[in-house]
1. Taking the conditions exactly as written (within 14 Å of chain C (Cβ to nearest Cβ) and either touching a strand residue (DSSP E or B) at 6+ places or on another chain (Cβ under 7 Å) or within 22 Å of D:T317 (Cα to Cα) (or both)), does D:A164 satisfy them or not?
2. Report the residue count in the range A:173-192 for those that are within 14 Å of chain B (Cβ to nearest Cβ), more than 22 Å from A:L340 (Cβ to Cβ) and open to solvent by less than 10 Å² (accessible area, probe 1.4 Å).
3. Test of understanding: among D:G269, D:G252, which residue is surrounded by fewer than 22 Cβ atoms within 10 Å (Cβ to Cβ), more than 8 Å from chain A (Cβ to nearest Cβ) and either in contact (Cβ under 8 Å) with a residue 24 or more places away in the chain or hydroxyl-bearing (S, T, Y) (or both)?
4. When A:G72 is evaluated against the numbered criteria (1) under 27 Å from A:K311 (Cβ atoms); (2) away from chain C (no Cβ under 14 Å), which criterion, by number, is the only one it fails?
5. Among the residues of the range B:302-330, which ones are closer than 14 Å to B:L150 by Cα and touching a Leu at 6+ places or on another chain (Cβ under 8 Å)?
6. Exactly one condition in (1) within 14 Å of chain D (Cβ to nearest Cβ); (2) open to solvent by 30 Å² or more (accessible area, probe 1.4 Å); (3) within 18 Å of C:L302 (Cβ to Cβ) is false for C:H159; which is it?
7. Checking the condition crowded, with 19+ Cβ neighbours inside 10 Å, more than 14 Å from chain B (Cβ to nearest Cβ) and of a type outside the set (G, A, S), which residue from D:L129, D:L107 passes?
8. Among the numbered criteria (1) under 24 Å from D:L313 (Cβ atoms); (2) part of a loop (DSSP other than H, G, I, E, B), which one does D:T22 miss?
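The values are calculated or read from the model by the stated rules, or taken from the named source; none is laboratory data. Not measured: the values here are computed from a predicted model. Don't worry about glycine lacking a Cβ; one is built from the backbone with ideal geometry, like all the others, and counts go over all protein chains shown. Side chains included, ligands, DNA and RNA excluded: accessible areas come from the protein's heavy atoms. Shrake-Rupley method; radii C 1.70, N 1.55, O 1.52, S 1.80 Å.
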Protein chains: 4
Amino acid sequence: MEALIIHASGDLRIEEVPTPSTLPHQLKVRVRCGGICGSDLHYYQHGGFGAVRIQQPMILGHEVSGVVETVGSGVSGFEVGHRVAVSPSRPCALCRYCQQGLQNHCLDMRYYGSAMRMPHIQGAFRQELVVDATQAHRLADNVSDAEGALAEPLSVALHAVRRAGSLVGKSVLVTGCGPIGALLVIAARRAGATHITVTDVAAAPLRSAAKVGADETLDVAQDPQALARYEADKGFFDVLFEASGNERALVGAFAALRPRGVIVQVGLGGNMTLPVNTIVAKEFDLRGAFRFHEEFATAVALLNKGLVDVKPLISATLPYRDASRAFALAADRSQAMKVLLDFD
Amino acid sequence: MEALIIHASGDLRIEEVPTPSTLPHQLKVRVRCGGICGSDLHYYQHGGFGAVRIQQPMILGHEVSGVVETVGSGVSGFEVGHRVAVSPSRPCALCRYCQQGLQNHCLDMRYYGSAMRMPHIQGAFRQELVVDATQAHRLADNVSDAEGALAEPLSVALHAVRRAGSLVGKSVLVTGCGPIGALLVIAARRAGATHITVTDVAAAPLRSAAKVGADETLDVAQDPQALARYEADKGFFDVLFEASGNERALVGAFAALRPRGVIVQVGLGGNMTLPVNTIVAKEFDLRGAFRFHEEFATAVALLNKGLVDVKPLISATLPYRDASRAFALAADRSQAMKVLLDFD
Amino acid sequence: MEALIIHASGDLRIEEVPTPSTLPHQLKVRVRCGGICGSDLHYYQHGGFGAVRIQQPMILGHEVSGVVETVGSGVSGFEVGHRVAVSPSRPCALCRYCQQGLQNHCLDMRYYGSAMRMPHIQGAFRQELVVDATQAHRLADNVSDAEGALAEPLSVALHAVRRAGSLVGKSVLVTGCGPIGALLVIAARRAGATHITVTDVAAAPLRSAAKVGADETLDVAQDPQALARYEADKGFFDVLFEASGNERALVGAFAALRPRGVIVQVGLGGNMTLPVNTIVAKEFDLRGAFRFHEEFATAVALLNKGLVDVKPLISATLPYRDASRAFALAADRSQAMKVLLDFD
Amino acid sequence: MEALIIHASGDLRIEEVPTPSTLPHQLKVRVRCGGICGSDLHYYQHGGFGAVRIQQPMILGHEVSGVVETVGSGVSGFEVGHRVAVSPSRPCALCRYCQQGLQNHCLDMRYYGSAMRMPHIQGAFRQELVVDATQAHRLADNVSDAEGALAEPLSVALHAVRRAGSLVGKSVLVTGCGPIGALLVIAARRAGATHITVTDVAAAPLRSAAKVGADETLDVAQDPQALARYEADKGFFDVLFEASGNERALVGAFAALRPRGVIVQVGLGGNMTLPVNTIVAKEFDLRGAFRFHEEFATAVALLNKGLVDVKPLISATLPYRDASRAFALAADRSQAMKVLLDFD
């Protein structure tokens, strides 16, 4: 079968790789659809991010859906032909963090398509994938392959939302409206937020935010003071989801956030200089949110039941043989939100 | 103006009462619509419930919407003609519980239409009502007077949901599907529950539950073992909202509730005999939920934005002069979910 | 070696049993001291409790300390001669509850000396015990074998305290002052409680409560209205630890518990009839607390550092060959708090 | 009476001021002892901190104890001669934050000796102080005036500890060991922490930390890698109390803090540049802690019952007429922890 392998910045190749055999607790999945994530883009454009660098050839991709081709002898609940979304989260189950239910902090995590460790963990942008049955989640007939591939980034958003505590009746600010920011709007709404404002520095992402239900979208490039109206009485928003990884977005929201406000930092952005006195005096609660684990099942359940609609975020689906074009499109915020590869 | 006054069990009269003057921080509201609550029914049918008994004539009612007729000189944000839902929650603001943000436990609460204290607190089933501006919440044009009157019981449901903590991705069981049970389905769904099962002992309420989005409805009168399928591996449901006030409903759900499951007890039901060893061994968390306070604003916001739909629960609207007929209908579970009085 | 084996109610025998071999990840421990627990007493006096009955011979005991005799080849951190307390909690690590960090709800728990499942899990009242290295916790020189044997019930108390949330500055009521009640006083104080009242129906246990630092002890047999002074303004206590398993103790505390008060039910007591309307109206939060897992390490750390003192609770230490006498003493609340067996 | 008034940086004068009359709900207190806080020092040395500057003469001081001289006609529970600690926290009771139980975020707070607002709020370094009865907390005979004056900074530490959630069995790191850092050691221990490491850049404060019970003290000026031993397996400490306000202390602790670790930022320190990617990837929870409110009662209760011992932190008590010398001593970390003024 063929796979999409990154060798270095800008060096993305389609190469033949062997399909591993299917163990009794596993499924072989014919991959149909894969979403291009910001980290895939970073590997492609920059050879990595921060200290994480491509040091050996690595199959990209961790947002995929497909069809069951083979069912291991010890697996129940799946049949050949079932359509599934595949969770890329593969924790060890036995380390101290797994035993505390914190699988996303596993000491031996093997997350698809990640250069965080050596040897790198090979990814899921390939025609066939052998997965543990616990990674596979059946898609309902009403959910397309493309929507199924969005279960992964939706899981990231759901995990961030769970980190915020109950959102029922809360006023929420989302800064940065790439695919994760837009999915945060969807997830926060699903969780009961009554008011959602989204900021970005570009018009197209804000249009997407409006499409998925934001109450208000603000272009802070056009109007850097757009949040000032929310600063009275020490601030308005209960919760901030920071999805831009941009220091100015984070710091710029502080005055509009109420005392005891919760900030969930989702965007990665290296060093940021923060006014710590404000965090102290307003007693903010700044929480990191990283990946997910059990939220993958929630994401698929919400898609299957039609309780969330991610279709407005799907910009285009291209054949995997046009990967370079697809990656270029995915990198263009004025054109694309989520770009998918078709592996069929 | 006229008001609906209960004198004793079965003795409900329409009588003339004076309209109080409007103080500077107040609004005078022409009441348009009022919902009949279970407690109103108890006063009417039984003269009270538990130790709470009618000891002097009392105007009934605490679920009302109307139109602003007069705006106090110190009030901003309201104009004559604004349509509003009125919160019946009137805490003192200064007692130890108010100062802890627990207004529903206020030591000097004056909740409309309640015989809990002497003199009784007069209710809102009357043609004109003078309220503090903080009690009034504007209704959007798309929300009918009848829906506005449901803001109050929806607030009860939202408060119960908040007592449960985050429901995102949770499996929820609701036992008892009167108006509060049905509103719990709506509120739990809005809060992100992925699976909602409802039980009752009658068919009509279960049909309502299905209409407002329950995934499954079970008639435990027809099949007392209906929940047995959920008992494997120590139980399935994460959260139980007990809205029947019936011991059998509560205890009958224990085996289907997972360890560390949260039980929010909403239904009032006097003494219940519980297997405390099960509560201990499965480490349940049984929480009472009583009324609401800040959730009223959330309820109106959700109605105004179309984020919840309570219309399927409105069974009928009768003129207040037909109150006896309306109360009889409200008491008939095979016919009615929520019955409203028209005061216009 | 010899072990203490219960065959039926009242039929406790000392019998020879083989010592299992020590696997690479295990330790062989020469047992020195074992505490008699209420459940041991129930097996001895009544053949079990509730639905849990002795159906085959079972070695009793789960509160033991000893000395390392053999160190498995794969174990680090232990040497022959180390004194250790042994945790009886042996979860499977892989079931859904273990993977959520809820090991005390493990679907395949093998807790020492428990007839909850068939075949029964053999206990630790024996001269030699082979344990997983993860069960063993080193005792400091300043901690006696007897104190080390109390690490287990102290863990139960610590787990219950953690179920209550932060106790810093809280007013605590403990109802029932057997060994667990007294250890709850110690644990609640360690956790920052500023006021601790203890009730019981006998004088001797209350004297123990005073010795371990209770601010106040009330004999509710002598004065059933002793808690009435705490009923003003809807109640005084923030947290109730119910350790008697007695319905009257639980219900009798309701009026003295403030709204939103937390009740941690530790005592097992079968069916109890509770005024559920009070739970609802005061929004109590009734939480079961069952065994422990990670708290065992905390218990040993607190003992090792001298941060808790359990010595006042040790009533007597008898040779294991005098087990019948020891059990009789342990059952006499006027004489004994915690009775220990010496296996040396 | 006389008061200590700051006019500008370095310009501290003793001046005569009138004593206000005592209203019915108030007490007149003869001040006996006042602690010099870091903010007092900042006003004295630098004329303020950050954007907070002395703009008009202001009486300093907010950590005082004294004796009741006059009891307002409407006050019960106090008598002339009672010794009291005085809380400087005077919220408005009615703003949205007070009504949520967040009095430390009051929109109209009048905290003693604070230049945060204009006109400045006059402080408590004066011979007589008229206070609301709710501000006064009786001291037990075993608590000295000086210890009573430490109730205020102890409250700050207790509030920070409560922000961290339950500490039972937790491993705690305190960075920065001025008076607040040392009181955090005391408070964290009282709250059940089993391991407490303290870092500082000077020897004297670390000796104080050891005196109040830290398990380990590390001089990170001598050994900048002192925390490296705690970095295995993604980190060791559960909770970090950052009390230095120093960016290097905060960032330097990240590698030693476990995933999902809680950071309570207590120290004020202006802008800090933080590796946000680490906060995200380890899902830290960085919480500001600012002042206190209800914790003042807890502080006094702990002192009164002998459950904390703050005596090791009292470096010296000087007559208020020697204020300049006292402030100089308070500023010398090699000599002093907490310096008190005697107003008697």
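1. yes
2. Of the residues in the range A:173-192, 3 are within 14 Å of chain B (Cβ to nearest Cβ), more than 22 Å from A:L340 (Cβ to Cβ) and open to solvent by less than 10 Å² (accessible area, probe 1.4 Å).
3. Numbers: D:G269 fails: more than 8 Å from chain A (Cβ to nearest Cβ).
After applying the criteria, what remains is D:G252.
4. (1)
5. Selection gives B:L302, B:L303, B:N304, B:V308, B:V310, B:L313, B:I314, B:S315, B:A316, B:T317.
6. (2)
7. From the options D:L129, D:L107, the qualifying one is D:L129.
8. Answer for D:T22: the failing condition is (1).
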